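Undergrad: Encoded as structure tokens, here's the structure I'll be asking about.
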Amino acid sequence: MMMSNDSSFTIAIESERWSKETPNGITTLRSKFDRWLAENAVAEGVDLLCSTLAKSLIYQHSSGGSSKVRRVVGVSTDREDGDVSAKVVIVADGVNSLLAKSAGMYPNFTIENLTLGAKEVLHLGRDRIEERFGLKGDAGSDIEIVGCTENIAGGGFLYTNQETVSVGVVLSLKDLAAQQVRPEALIDRLKSHPSIEGLLAGSTLQEYSAHMIPEVRMADWPQLASPGVLLAGDAAGSCLASGLWLEGVNMAIGSGITAGEFAAAACKNPASTDWAAYGRSIKKSFVGQNHRRFQRAPELVMSNSMQRIYPKLANDIASSIFTVTDPRAKKGIIQTARSIMAESEIAVRKLALDTFKIWRAFH
């Protein structure tokens, strides 16, 4: 769905294979998924320490050739029983990783690399969700929206779960700070839009959450490894935010698997481990391959052209095409598009350049 302040249109694509074959994608509520994941880890022998703050990394210095080597050997915590020692520490404490920053592994992160995702989980009940969204069984609906965040670069989303729907916005952190708008206010305005309001009528708020998201090119990734410590998930900048795709959990799991496999091998002999090899492994995985291929997309998607000019242009063209003009004869689609483009003063040169940028970002 693309929307401007005064009009909207929807493009829906449906294929039987999406509902009959193995699901291409699923939604999950983190409050439930994380608990399930932790329970499975504990069942496999993992010691789970909850309500514990990792305050800092613990280092050990040793001689390595002509220089001293500093290696992480654990974390300092706020627990009464003290520090936790480890042969390898995997840091996965989010995009604003204080541990990684303290280790000097975040040389390039700036506010331009960050967005804020905020969402509400609204309870509707399965029957109403299936009726309103035209679904059945475990099929779901995902609506992506641009033009709903006012003067803040970003977008909106609405997707269904089994008993609930999730609705929210993703916002440029820099623009959000400059505009001084509360993200929940933007969610409220999105929910009141005529194309959305009816879908959510009668819902009750079940959960509100917010999450800072890394939107970085691979060139701006942090240092992924240092002796004794590995970065994974958002701490490693692994979220894929390309506009067409906003993938975080699967990217975090992918980097986590790579980190776990590397750590298992490193534990056998940490002193002789080639820690830089971890970064190479991440970049060879599907996480790194996706980032490398679509590394130009985040900047393009957050540009003024994609945020404001083209959504409005598309809406204006669609609105004009479907407006009844009797007794005047209808214009042809090409004539309508040319007329509206002329009124919008979009230069052919700019259109051609942006088309090339889109091709280069997503080809």
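Undergrad: 7 Å from Cα along Cα→Cβ at both Glu247 and Lys268: what's the point-to-point distance in nm?
TA: Those two pseudo-labels are separated by 3.0 nm.
Undergrad: Running a GNM on the chain with Cα contacts under 10 Å, which residue among Ala329, Ala236, Ala177 ends up with the highest mean-square fluctuation?
TA: Highest fluctuation among the options: Ala329.
Undergrad: Now a separate question. Give me the percent of DSSP beta bridges within the chain that run antiparallel, rounded to the nearest 5. Don't jump to the answer; show the numbers that get you there.
TA: Values: 48 of 52 bridges.
Of those bridges, close to 90 percent are antiparallel.
Undergrad: Continuing with the same structure: Restricting to Cα pairs below 8 Å that are 6+ residues apart, what does the relative contact order work out to for the stretch 267-363? Please round to a whole percent.
TA: So the answer I get is 39 percent.
Undergrad: If one computes the Cα centroid of the stretch 92-161 and of the stretch 282-338, what distance in Å separates the two points?
TA: Centre-to-centre distance over Cα atoms comes out at 21 Å.
Undergrad: Using R₀ = 30 Å, calculate the FRET efficiency as 1/(1 + (r/R₀)^6) where r is the Cβ-Cβ separation of Thr355 and Ala219; round to 0.05. The partial results should precede the final answer.
TA: Working: r = 25 Å, r/R0 = 0.82.
Step by step, r from the Cβ atoms, then E = 0.75.
Undergrad: At 7 Å along the Cα-to-beta-carbon direction for both Ala342 and Ser51, put a label point, then send me their distance in nm to one decimal.
TA: 7.1 nm
Undergrad: Sticking with this one: On full extension of the chain, what length is gained from Lys283 through His363, given 0.36 nm per residue of separation minus the C-alpha to C-alpha distance?
TA: Values: separation 80, 0.36 × 80 = 28.80 nm, distance 1.93 nm.
In short, 26.9 nm is gained.
Undergrad: If you plug each phi of the stretch 303-309 into the Karplus form 6.51 cos²θ - 1.76 cosθ + 1.60 with θ = phi - 60°, what whole-Hz ³J(HN,Hα) values come out, in order, with x for Gly and Pro?
TA: Whole-Hz 3J(HN,Hα) from phi for the stretch 303-309: 6, 4, 4, 7, 7, 10, 5.
Undergrad: Compute, for the stretch 223-290, the length of the dipole vector about the Cα centre, with Cβ point charges of +1 (Lys, Arg) and -1 (Asp, Glu) only. Units Debye, rounded to 20.
TA: Dipole of the stretch 223-290, to the nearest 20 debye: 180 debye.
Undergrad: Continuing with this model, one more query. Using 0.36 nm times the number of residues separating Arg35 and Glu261, minus their current alpha carbon distance, what extension gain do you get?
TA: Using 0.36 nm per residue and subtracting the Cα-Cα distance, I get 79.1 nm.
Undergrad: Now a separate question. Among Leu173, Ser281, Val95, pick out the residue whose Cα is farthest towards the positive end of the charge dipole of the chain, where Lys and Arg carry +1 and Asp and Glu carry -1 on C-beta, about the Cα centre.
TA: Ser281
Undergrad: Also, quick follow-up: Which one of His61, His211, His123 has the biggest mean-square fluctuation once the chain is modelled by GNM with Cα springs under 10 Å?
TA: His61
Undergrad: Right, something else. Among Phe286, Phe109, Phe322, which one moves the most in a GNM of the chain with springs linking Cα atoms closer than 10 Å?
TA: Answer for the Gaussian network model of the chain: Phe322.
Undergrad: What's the FRET efficiency of Ser195 with Arg308 using the Cβ-Cβ distance as r and R₀ = 25 Å, to the nearest 0.05? Provide the component values of the computation, followed by the final result.
TA: Working: r = 19 Å, r/R0 = 0.75.
The calculated FRET efficiency here is 0.85.
Undergrad: Give me the number: length gained by fully extending Asn151 to Arg296, i.e. 0.36 nm times residue separation minus the C-alpha to C-alpha distance, one decimal in nm.
TA: 50.0 nm
Undergrad: Now a separate question. Which far-off residues, 5 or more places away or on another chain, put their amide H under 5 Å from the one on Thr77, with H placed in the peptide plane?
TA: Close amide H contacts, sequence-distant or interchain: Lys55, Asp83, Val84.
Undergrad: Another one. Once you charge only the Cβ atoms, +1 for Lys and Arg and -1 for Asp and Glu, what is the size of the charge dipole of the chain about its Cα centre, to the nearest 20 debye?
TA: Its charge dipole is roughly 1340 debye.
Computed from the coordinates by the stated procedures, all read-outs in this text should not be read as laboratory data. As the structure is a computational prediction, the values presented were derived from the model and not from experiment. For neighbour counting, all protein chains shown are included, and Cβ atoms are generated from backbone atoms with ideal geometry for every residue, glycine included.
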